[in-house]
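For reference, the structure is listed below as structure tokens.
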Amino acid sequence: MNNVKPNVFVSACLEFESCRFDGTMISDDVVRRMKDVVNFIRVCPELSIGLTAPREAVRLVKRKGEHQKLLGSVHGVDYTEKMENFTSKYLEKLLSRDIDGFLLKAKSPTCGIGDVKVYQDIGKAQLDSARHDGMFGTAIKERFPDHPIETERRISNYNIRESFFTHVFTMASFREMKHDFSYKKFVEFHTKNKYLFMSYNQAILKDLGQILANHEKLSHEEVLQKYETQLRKLLHGESSKKRRINTLTHIYGYFKKDLTTEEKEYYFNALDDYIDYRIPYSNVLYILKGFAVRFQEEYLLQQTVFQPFPKELLVVLDSGNKI
Ligand code: SF4
């Protein structure tokens, strides 16, 4: 497992402060669980520009012929410049904090991403049916384009949550290896993540191996930079079912000669159940890990694919999609 504590930025109203416009805090089970296994860095941008809780709500407004603004929803006070100034200074500081991921409050005109309404004016209808980014959310996406950025709403979906945690914990583990660099640790990082990476993208896994081999005799800083670029590309992709089945097949290959007929049948029934959406991927991995324990396959036992993030974060809750 990647057992480093990642640094995650969180909107302060998620489980930390009663800083919302109505003076409340959002209670969120996943964020609560994360408190034990990540270092949270939090801020409420609206309180940081001098607003109080409770306060009038703010809105994103795009009047005809004007730039988009952040306005008070009752009196139309313009907070745009204050928010721009705060955001630019705060994110500049955040760049030096080794942030591994962002968890933002959904639908907020400040923190939200991809789900924020923009209005034609105060008291008027929405500009369009599209969903936009909040002011602070936009700036985060611009300054940290390669980082995992999610909202508490999106990670209520099992698959999105699993990808987010995998991304955050893998990058934290990479960051730690980079800070305390040796080629031995670099090789160990690559080795223990081999099957996890395979489940995302076999072609990029191959590229990562080539970069690590360093046939061009680059400096270790250049190698790390190239590796990180490819790693981020890999983790931004999706671990599709086809790729996961390919990974399971590779791992199964370690035991196929040693298993009994009954064990093989049990495994292939589980694989069929996974293919037909009756059980999740993790169930099949559990079976393979059981074989790895029995046959003491040390190479496999160290693989992060069996547990890419702490089990405290494993919750089989889902907002509706297939797991
Ligand atoms: S969404 Fe952002 S700005 Fe709004 S209360 Fe939460 S932390 Fe503050």
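Name every residue in segment 261-284 that is open to solvent by less than 50 Å² (accessible area, probe 1.4 Å), part of a helix (DSSP H, G or I) and either touching a helix residue (DSSP H, G or I) at 6+ places or on another chain (Cβ under 6 Å) or under 19 Å from residue 199 (Cβ atoms) (or both), in order of residue number. Full working, then the answer.
Residues of segment 261-284 that are open to solvent by less than 50 Å² (accessible area, probe 1.4 Å), as a first pass: 263, 267, 270-271, 273-274, 279-282, 284.
Next, from what is left, pick out any that are part of a helix (DSSP H, G or I): 263, 267, 270-271, 273-274, 281-282, 284.
Passing the criteria: 267, 270, 271, 273, 274, 281, 282, 284.
Out of (1) crowded, with 22+ Cβ neighbours inside 10 Å; (2) within 12 Å of the ligand (Cβ to nearest atom), what's the single condition that is false for residue 100?
Condition not satisfied by residue 100: (2).
Report those strands (runs of 3 or more DSSP E) wholly inside segment 1-96 carrying at least 1 residues which are under 30 Å from residue 303 (Cβ atoms) and near the ligand (Cβ under 9 Å from one of its atoms).
In segment 1-96, 7-11 are the strands (runs of 3 or more DSSP E) which contain 1 or more residues that are under 30 Å from residue 303 (Cβ atoms) and near the ligand (Cβ under 9 Å from one of its atoms).
From the list 21, 40, 16, pick out the single residue that is of a type in the set (Phe, Trp, Tyr) and under 19 Å from the mean Cα position of the chain (by Cα).
Within the list 21, 40, 16, the selection yields 40.
Among the residues of segment 285-297, is any outside any helix (DSSP H, G or I) and within 19 Å of residue 239 (Cα to Cα)?
Of all residues in segment 285-297, those outside any helix (DSSP H, G or I) come to 295-297.
Filter once more, so that each one left must be within 19 Å of residue 239 (Cα to Cα): none.
No, because not a single residue in segment 285-297 is outside any helix (DSSP H, G or I) and within 19 Å of residue 239 (Cα to Cα).
Could you tell me whether any residue of segment 81-95 is charged (D, E, K, R) and open to solvent by less than 70 Å² (accessible area, probe 1.4 Å)?
no
Do you know which residues across segment 181-218 are among the polar types (S, T, N, Q) and open to solvent by 50 Å² or more (accessible area, probe 1.4 Å)?
Within segment 181-218, 202, 210 qualify.
Hey, among 199, 182, which residue is closer than 20 Å to residue 248 by Cβ, of a type outside the set (Asp, Glu) and out of contact with any strand residue (DSSP E or B) (no Cβ under 7 Å at 6 or more places or on another chain)?
199
If the Cβ limit is 6 Å and pairs must be 6+ apart or interchain, which residue in segment 16-35 that is under 21 Å from residue 313 (Cα atoms) pairs with which residue that is near the ligand (Cβ under 9 Å from one of its atoms) and not in a loop (DSSP other than H, G, I, E, B)?
As it stands, the answer is 16/42; 26/14; 28/14; 31/14, since those pairs meet every condition given.
Considering only segment 127-149, state which residues are of a type in the set (D, E, K, R) and away from the ligand (no atom under 14 Å from the Cβ).
Result: 128, 131, 141, 142, 143, 146.
The values are calculated or read from the model by the stated rules, or taken from the named source; none is laboratory data. In this text, all values refer to a predicted model and were calculated from it rather than measured experimentally. Positions of Cβ are backbone-derived with ideal geometry, glycine not excepted, and every protein chain shown enters the neighbour counts. For the accessible areas, the whole protein counts, side chains as well, though only heavy atoms, and no ligand, DNA or RNA atoms are used. Shrake-Rupley method; radii C 1.70, N 1.55, O 1.52, S 1.80 Å.
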